[in-house]
Each structure stands twice: as structure tokens, then as C-alpha cells.
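The values are calculated or read from the model by the stated rules, or taken from the named source; none is laboratory data. Quick caveat: nothing in here was measured; it's all calculated off a predicted structure. In this analysis, Cβ positions are derived from the backbone assuming ideal geometry, glycine residues included, and neighbour counts consider all displayed protein chains.
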Amino acid sequence: MEIKNVTVAGGGVLGSQIALQSAYKGFAVTLWLRSEGSIERTRPKLERLRGIYKASLEALKTDPSAFCRGLTDSPDVPPAQLDELIARVDAAFDSLVLTTDVEQAFGGADLVIEAIAEVIAEKEAFYGSIAGALPEHAVLCTNSSTLLPSAMASFTGRPDRFLALHFANNIWKNNTAEVMGTAETSPASYRAVVDFARAIGMIPLELRKEQPGYLLNSMLVPFLNAAEALLANDVADVETIDRAWMLGTGAPLGPFRILDIVGLTTAYNIVAASPAAQEPGSTAARIAAMLKARIDEGKTGVNAGEGFYRYN
């Protein structure tokens, strides 16, 4: 099938990135949000991303290390072509349609990428709410970080055209897309999503079977949980934990910088859904409470200007 019209549901950290990246690569993109308030909260995220894309392309004129795999195929791009790409960023930004209207958002979609909260009841309600508006041929993808697509397939009414498409954060440079189907996903739908991922500048990573956390988060989530446990159990402070990881491994970022990029709301939803978090006094419960306290103060991560660290 040919994918031209893409609808992204949810304007969070990754939803906004997926939308702009898809538009930058030439797709017609609609971003569906729950409310006018959600639209207003999403606009600054898109503005910030536009600035990052343009600054990265401008920097590449003089600094090959500014190369981002999702923006150009090579660091060796003539300045005139980089100017064209910078103009393309503005055109992509201007082309985005933000709406709360279900029919407008989903009525003409070839591909829907769901990027709403990691709460399965919310996902069930979402898929039920759009079923009547979707064209028969539309393929649905979930960008869920940890939930299996088979746990949601029955919500969609089209399990043969439903699978997972999971992106790493900062997709313009960390350009991976994990593709994971269910036993019911048709080969045609799977291949269409792999081809789409490649078309928007991603490197498709094809999973052979379902795995909670896919590839990246199967490794990343335990790492972040270990850091959160050290803080929640008052073993050390944020800066010291990050320094231990960075100095000991040579990594450019520590776990709490990574958490700020991921977004504390996503981290909270993951830990709060675990059985251990329901046990009062458990480490998981302390982690959930610690994250919830920051979220309630508006300290949700980089996009909010503050998470575990402050950002200008």
C-alpha cells in the first residue's frame, strides 16, 4: 500500500517529533490532540523542534560532527543544499495540521501512529473512538514504550492492520524505528510500516516476535529504574549518580539527563503500572511517589524547562 497521509495521535515528547519528522520527509501530517489546551501545549514543542532541526542543519555547514542521520543522508552536503533543507523544515512546520476533530484527523489517514499515554485503558478508549472514522485500508501503529501490541489489537477492530512502531527519542539523530507485529499482523501491513519508517529517515529494526520493551527499552528501562532506585532510597543525589555513570562508562549523559529527555510522565506511567508499585514502602512505590511529586510541580523534563535538571 502507498502511504501519503499520516495522522499522529498525541503531541507529547515523541508524538511531536514523529509529526515533524514525517512532514520534513514529505508526508501530509495531521496531529490529533484531545483538547484545545493540548494543542496549545504542543505548539511550543513543535517550535522547539523546528529550531533544533534548523540549527543542526546550519551547523553542518562548518562542523561535520553536527551530522544528524535523520536529517541528511551524509555529513557531506553542499551549503546550498543545506539551505534548501532548512527551508524544508519551515515548510514542514507550516504544513502540520493540529486538530481535535476525529473525522478531520482520521477520515483520510493511510497510517495512524498512536503516541498517547502508557495507560492501556486510555488506549482502548482511543481506538474505540476513532474506529468509525478510519478508512478501510488504514494501518494503525502504536508507539507504546512497553505495552505489547497483542494486548491492544482487539481494541482496533483491524488486528491484521495493527502493529507497533517504536521510535527512540531525538529521532532526527537517534533515527531508529523498532517494528513489532503480532501473530495477526498481515505481512503487507508489516512491510508497509517498515517502508514508511525508512522513508522518514529511520533505520528500521525488525523484531521477530513480541517482546515487552522491544529492543531498546528492554535494555534502557532496567538501567533507568536502577538509577531511580538509588535516588529514591537516598543512596546518592542526582548529580552524583549521573557522574558515576558518565565517568565510569564514558557516556555523554547520565540516567537522570536521559529521564528528562524521555519525560518524567512516561517514566511514571511505566513504574506506576508495575505490581511492585502497589506495595506500600516498596522501592517501586517510592520511585512512583518521587516522580509524581516532580510531575505535580510541573517538572516533567526538558520540554517543561525543568525535570531533574533545569534547562534554559
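All conditions in (1) buried (at least 17 other Cβ atoms within 10 Å of the Cβ); (2) over 15 Å from the mean Cα position of the chain (by Cα); (3) among the hydrophobic types (A, V, I, L, M, F, W, C) hold for MET202, with the sole exception of (2). Considering only segment 185-232, state which residues are of a type outside the set (Gly, Ala, Ser) and part of a loop (DSSP other than H, G, I, E, B). If the condition is that a residue be of a type outside the set (Gly, Ala, Ser) and part of a loop (DSSP other than H, G, I, E, B), then THR185, ILE200, MET202, LEU207, ARG208, LYS209, GLU210, GLN211, PRO212, TYR214, LEU215 are the ones that fit. The residue list LEU98, LEU140 contains one member that is over 25 Å from GLU47 (Cβ atoms), touching a strand residue (DSSP E or B) at 6+ places or on another chain (Cβ under 7 Å) and either not in a loop (DSSP other than H, G, I, E, B) or not assigned by TED's automatic domain parsing to the domain that holds TYR53 (or both), which is LEU140.
Which ones in segment 117-163 are crowded, with 21+ Cβ neighbours inside 10 Å and among the aliphatic types (A, V, I, L, M)? Passing the criteria: ILE130, LEU134, ALA138, VAL139, LEU140, MET152, ALA153, LEU163.
Name every residue in segment 152-184 that is part of a strand (DSSP E or B), touching a Pro at 6+ places or on another chain (Cβ under 9 Å) and not hydrophobic (A, V, I, L, M, F, W, C), in order of residue number. Those that are part of a strand (DSSP E or B), touching a Pro at 6+ places or on another chain (Cβ under 9 Å) and not hydrophobic (A, V, I, L, M, F, W, C): THR176, GLU178.
In summary, ALA251 fulfils each of the numbered conditions (1) crowded, with 19+ Cβ neighbours inside 10 Å; (2) outside the structural domain of SER16 (by TED's automatic domain parsing); (3) not in a helix (DSSP H, G or I) with the single exception of condition (1).
Taken together, TYR309, TYR268 contain a single residue that is under 17 Å from VAL119 (Cα atoms) and aromatic (Phe, Trp, Tyr), which is TYR268.
If you check ARG257, ARG243 for being outside the structural domain of ILE120 (by TED's automatic domain parsing), surrounded by 15 or more Cβ atoms within 10 Å (Cβ to Cβ), basic (Lys, Arg) and in a helix (DSSP H, G or I), only one passes: ARG257. Within segment 269-281, identify whether any single residue is closer than 16 Å to ARG310 by Cα and in contact (Cβ under 8 Å) with a residue 60 or more places away in the chain, and answer yes or no. No: zero hits. For segment 108-119, the criterion of a residue being over 25 Å from LYS173 (Cα atoms) and at pLDDT below 95 is satisfied by at least one position.
Tallying residues that are within 19 Å of the chain's Cα centre (by Cα) and exposed (fewer than 15 other Cβ atoms within 10 Å of the Cβ) within segment 282-308 yields 1.
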